[in-house]
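Take a look at the structure below.
The values are calculated or read from the model by the stated rules, or taken from the named source; none is laboratory data. Being a predicted model, the structure only gives us computed values, none of them experimental. Every residue, glycine among them, receives a Cβ derived from its backbone with ideal geometry; neighbour counts consider all protein chains shown.
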Amino acid sequence: MMQNGSKEHSLRILFLTHAIPRFAGDRVTVFVRSLARAFKQRGHDLVVMAPFHPELDVAYQRSLYTFESFHYFPVHRWERLGYSKGMSDGLHQNKRNFILGPFLILAGIVACCRLARRIKPDVIFANWGIPSGLFGAVASRVFGIPLVVTFPGADVKIISSGLFYRLAGRCVGRSAWALATNSSDLKESLVTSGLPEHKFHYVIYGADKSEFEPDPSLGRARRRKLGISADDIVIGSIGRFVAKKGFEYLVDSAKIVLDSSDNDQRVIFVLFGAGENESALRDQIRRLGLAERFLLPGPVPPETLRDAYNVFDIFVNPAVRKPIDGLNVVVVEAMACGKPIVATTVCGNDIVVRDGENGFLVPEQDHASLAKAILTLAGDGALRTRMGIASRQRFEREFTWERIVDTYCDLVNHTP
């Protein structure tokens with residue numbers, strides 16, 4: 001086996017997921033595709049297995065890695081479970097889960113066991129404890145193959161929602177060699193549900209160090225399109241407009257920041273994204289009289305994400321536990337682009353943000369503390385520069401995809 005993440009010995013990996021970008025331009029769980037490709041780029045023999053979906057482009061998947069899909073219901077156009085549609089709003093399961101879920105679980109277990117028997121992997125890697133972890137747990141028990149399972153967020157909400165799911169989660173936990181999650185909140189919930197605490201490790205989803213990097217020229221060009229001066233201080237974030245992102249607290253903090261800012265330098269807030277809470281956010285911005293200084297330009301196409309991150313002088317992640325969640329990938333991508341971070345202490349932010357080093361950590365749902373941290377950075381250009389450099393350096397040391405893959409491989413090598 002490999003030692004310390006080197007490529008002395010490649011692993012044959014059966015990579016299980018119920019959500020992956022279905023076609024070339026799909027933005028569903030892009031981080032899962034990135035992780036799979038990173039395993040392959042590090043020299044590992046990878047086979048990816050995912051359930052069928054009517055929009056799944058199998059030829060595209062097989063251009064990236066060895067890929068297998070499976071059917072789980074006779075009417076194939078109904079096979080739409082997973083693919084980021086398991087939770088309707090991050091809080092509640094979609095009703096189709098209860099109808100088609102048992103078919104998916106049974107078919108997935110059978111497909112996983114058949115594939116494991118055929119390819120004889122060194123390790124089974126399951127993204128999400130439910131349902132992929134269940135597929136892997138059975139195959140691991142039957143064939144004695146080491147199992148590593150990640151719990152990135154929505155599956156933790158499901159595991160804690162009822163007796164069947166708690167029992168399923170415990171089965172996964174007992175079968176796995178190692179369990180990975182990306183926030184202490186998620187870990188605590190899973191341990192409360194009966195999963196073994198000693199098996200947990202904090203491993204996040206990373207970012208591509210060449211795709212996301214500091215580039216002031218791109219930032220200036222994007223600012224011009226938004227009507228923002230190169231001298232303005234730009235503060236903001238990127239994400240879906242849903243409750244767990246906490247963007248309403250960012251708007252409230254913006255009122256304090258703008259009322260307190262030095263008129264010698266203009267401060268602008270920019271929030272890229274879209275979602276079900278957009279109307280409420282726009283109403284809040286108008287009500288507080290922030291319309292001219294708080295911009296909502298819409299979602300960012302994937303090919304211009306780096307441009308958007310480079311617009312900011314300060315990146316903010318005001319996430320809240322509604323419900324508990326894992327680390328938002330946007331924080332890591334902003335760090336890769338050399339930005340100082342202001343973030344809440346929940347949802348895994350404390351894994352990547354060191355308070356006072358590459359940003360500030362503040363309590364959740366506390367817009368006054370959020371505003372205070374923003375004002376500290378907005379008023380000190382040297383501090384912003386120093387923290388931005390620290391963000392990029394920490395990212396390169398710990399959070400590139402290469403580092404993440406090596407961490408997972410070390411879990412297999414060093415777990416008894």
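Observations on the model:
- Filter result for PHE360 (within 19 Å of ALA38 (Cα to Cα) and touching a helix residue (DSSP H, G or I) at 6+ places or on another chain (Cβ under 9 Å)): no
Rundown of residues vs (1) among the hydrophobic types (A, V, I, L, M, F, W, C); (2) in a loop (DSSP other than H, G, I, E, B); (3) at pLDDT below 90; (4) out of contact with any Cys (no Cβ under 6 Å at 6 or more places or on another chain), yes/no style:
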position	(1), (2), (3), (4)
PRO21	no, yes, no, yes
SER34	no, no, no, yes
ARG37	no, no, no, yes
MET49	yes, no, no, yes
HIS53	no, yes, no, yes
PHE73	yes, yes, no, yes
LYS85	no, yes, yes, yes
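- VAL331 satisfies every condition listed in (1) under 30 Å from LYS209 (Cβ atoms); (2) surrounded by 19 or more Cβ atoms within 10 Å (Cβ to Cβ); (3) touching a residue at least 60 places away in the same chain (Cβ under 8 Å); (4) not basic (Lys, Arg) except (3).
- Summed over the stretch 122-154, the residues that are modelled with pLDDT of 95 or more and either out of contact with any strand residue (DSSP E or B) (no Cβ under 8 Å at 6 or more places or on another chain) or surrounded by fewer than 24 Cβ atoms within 10 Å (Cβ to Cβ) (or both) give a count of 9.
- Selection count, the stretch 258-295, where residues are free of Cβ contacts under 8 Å to residues at least 60 places away in the same chain and in a strand (DSSP E or B): 6
- Of all residues making up the stretch 166-187, the number that are free of Cβ contacts under 8 Å to residues at least 60 places away in the same chain, assigned to a helix (DSSP H, G or I) and farther than 16 Å from VAL138 by Cβ: 2
- Pairs, first at negative phi and acidic (Asp, Glu) in the stretch 109-124, second part of a helix (DSSP H, G or I) and surrounded by 18 or more Cβ atoms within 10 Å (Cβ to Cβ), C-beta under 9 Å, six or more apart: ASP122/VAL412
- Residue count for the stretch 263-312, restricted to those that are surrounded by fewer than 13 Cβ atoms within 10 Å (Cβ to Cβ) and of a type in the set (A, V, I, L, M, F, W, C): 1.
- Test: residue in the stretch 359-373 that is β-branched (Val, Ile, Thr) and assigned to a helix (DSSP H, G or I): no
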